[in-house]
Each structure stands twice: as structure tokens, then as C-alpha cells.
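Remarks on the structure that follows.
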Amino acid sequence: MTIAENPGSPAPSGPPELELRPPRHRVAPRARRYWAARAGAGWLLLLAVQTVWWILAGGGATGWRVAGVVATVVLGAAHVTVMPRWRYHVHRWEATGEAVYTQSGWFDQERRIAPVSRIQTVDSERGPLEQLFGLSNVTVTTASAAGPLKIHGLDRDTAERLVDELTATTQANQGDAT
């Protein structure tokens, strides 16, 4: 029964209680390719260093060098294949009139909530590789000791709409933002 159905009920005091729950929205599907490209670049750099080291050491096919290159290729392929899918499955976000919800991580998964009344700034950022993939990141800063909420891998248009909506919502909701 709601308060409207029972006029004798006392009015709720304070802000509505927010529940830490899974956010509804996934990041952009292109984020998987972006994460794979970023991870692949790191593994290719390591493979290049190993190759240069191998050449400078005389190019002999010693067991340790071959094992190192094979391990790099196998681990790199596994990382580039598994990590983007796993992150895409985990990373989620949602913004309501009351709060911003995020879920992120890979091995160490984190779920966070920031009440709109506590939001201090909302920022959007795109690095060069993210621009190439048409992605943006949104950072929601509060006075929390845990730091800002970050939503990585959003489609550029979605990120712009989210920043605009959060800015309008926080301006309309004059909370303490501390």
C-alpha cells in the first residue's frame, strides 16, 4: 500500500533509499574490439622486445627463448580472446533520476552507486584509440573516498547524452554534493 492509498501514513523522511543492484545497460559492443586491440598492442610490444633481445643475443634457438616466445603468443592469444568478452559481460551502467550505477572489472569486479545529490562533476573523455573505435568514457565525480565512478566503452552519442542528462539532473537536484 502506498502513502497515496493510505493518507494517514506519515510522509517518508529524507531521500529515498537506494539499493546497490546490477545496472541495466551494457557498454557499446565495439568496446570488445577496442579492449582486444589495446591488449593485442601490449602483447605485440612484448613480442617485439623478445624478438629484438633474441636477435641481439645472437639469434640462437635456445630452449628458454623459444619457450618465452611461445608462452607470450599463447598467453597473448588467450588474453585477447577471453578478456574483451568477459569485460563486456561484466561492465554495465545505468543513470536514473536518483543515482548513477556502475559495474566494472575483470578479475576484481566492483559495483558502485552515486546518488545524484552527491555528484560534483560529470566529464567525458576520449583517447586516440577510443576515437578510432567511436567510443567515449564518462567520469562521475563525487566526494566519495572511493573516487569517481567511471563508465568506459560507451558509444560516443550515448556518452554525450548521458553527460547532458546527468548535468541537467544534478543542476535540478540541489543536494549537498559533499
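Of the residues GLY147, GLY153, only one is under 20 Å from ALA37 (Cβ atoms) and open to solvent by less than 80 Å² (accessible area, probe 1.4 Å); which? Result: GLY153 is the single residue among GLY147, GLY153 that is under 20 Å from ALA37 (Cβ atoms) and open to solvent by less than 80 Å² (accessible area, probe 1.4 Å). So, ALA31, is that one open to solvent by 40 Å² or more (accessible area, probe 1.4 Å), in a helix (DSSP H, G or I) and either under 30 Å from ASN137 (Cβ atoms) or small (Gly, Ala, Ser) (or both) or not? Answer is no for this residue. In the set VAL49, VAL74, VAL70, only one residue is out of contact with any His (no Cβ under 8 Å at 6 or more places or on another chain), assigned to a helix (DSSP H, G or I) and at pLDDT 95 or above; that residue is VAL74.
Annotation for region 81-88: at least one member residue is under 18 Å from PRO22 (Cβ atoms), of a type outside the set (Lys, Arg) and open to solvent by less than 50 Å² (accessible area, probe 1.4 Å).
So, TRP106, is that one assigned to a loop (DSSP other than H, G, I, E, B), in contact with a Lys or Arg (Cβ under 8 Å, 6 or more places away or on another chain), without any contact (Cβ under 8 Å) to a residue 40 or more places away in the chain and not aliphatic (A, V, I, L, M) or not? Yes: the conditions hold for TRP106.
Is it fair to say ALA78 is farther than 17 Å from THR170 by Cα, over 12 Å from the mean Cα position of the chain (by Cα) and exposed (fewer than 13 other Cβ atoms within 10 Å of the Cβ)? It is true that ALA78 is farther than 17 Å from THR170 by Cα, over 12 Å from the mean Cα position of the chain (by Cα) and exposed (fewer than 13 other Cβ atoms within 10 Å of the Cβ).
Do we have PRO15 as modelled with pLDDT of 80 or more, in contact with a strand residue (DSSP E or B) (Cβ under 9 Å, 6 or more places away or on another chain) and assigned to a loop (DSSP other than H, G, I, E, B) here? So PRO15 does not fit the description; no.
Among residues of region 40-52 that are exposed (fewer than 15 other Cβ atoms within 10 Å of the Cβ), none has a beta-carbon under 9 Å from a residue that is in a helix (DSSP H, G or I) and of a type in the set (D, E, K, R) at least six positions away or on a different chain.
Only one entry in TRP86, TRP64 is touching a residue at least 12 places away in the same chain (Cβ under 8 Å) and aromatic (Phe, Trp, Tyr), namely TRP86. Among the residues of region 152-173, are any among the aliphatic types (A, V, I, L, M) and assigned to a strand (DSSP E or B)? For region 152-173, residues among the aliphatic types (A, V, I, L, M) and assigned to a strand (DSSP E or B): present. The set of residues in region 134-143 being modelled with pLDDT of 95 or more and surrounded by 21 or more Cβ atoms within 10 Å (Cβ to Cβ) consists of LEU135, SER136, VAL138, VAL140.
Being within 19 Å of PRO23 (Cα to Cα), touching a residue at least 12 places away in the same chain (Cβ under 8 Å) and either charged (D, E, K, R) or open to solvent by 30 Å² or more (accessible area, probe 1.4 Å) (or both) is not true of THR167.
The values are calculated or read from the model by the stated rules, or taken from the named source; none is laboratory data. Values in this document were obtained by computation on a predicted structure and should not be read as measured data. Cβ atoms come from the backbone with ideal geometry, glycine included; neighbour counts cover every protein chain shown. These accessible areas exclude ligands, DNA and RNA; they are computed on the full protein's heavy atoms, side chains included. Shrake-Rupley method; radii C 1.70, N 1.55, O 1.52, S 1.80 Å.
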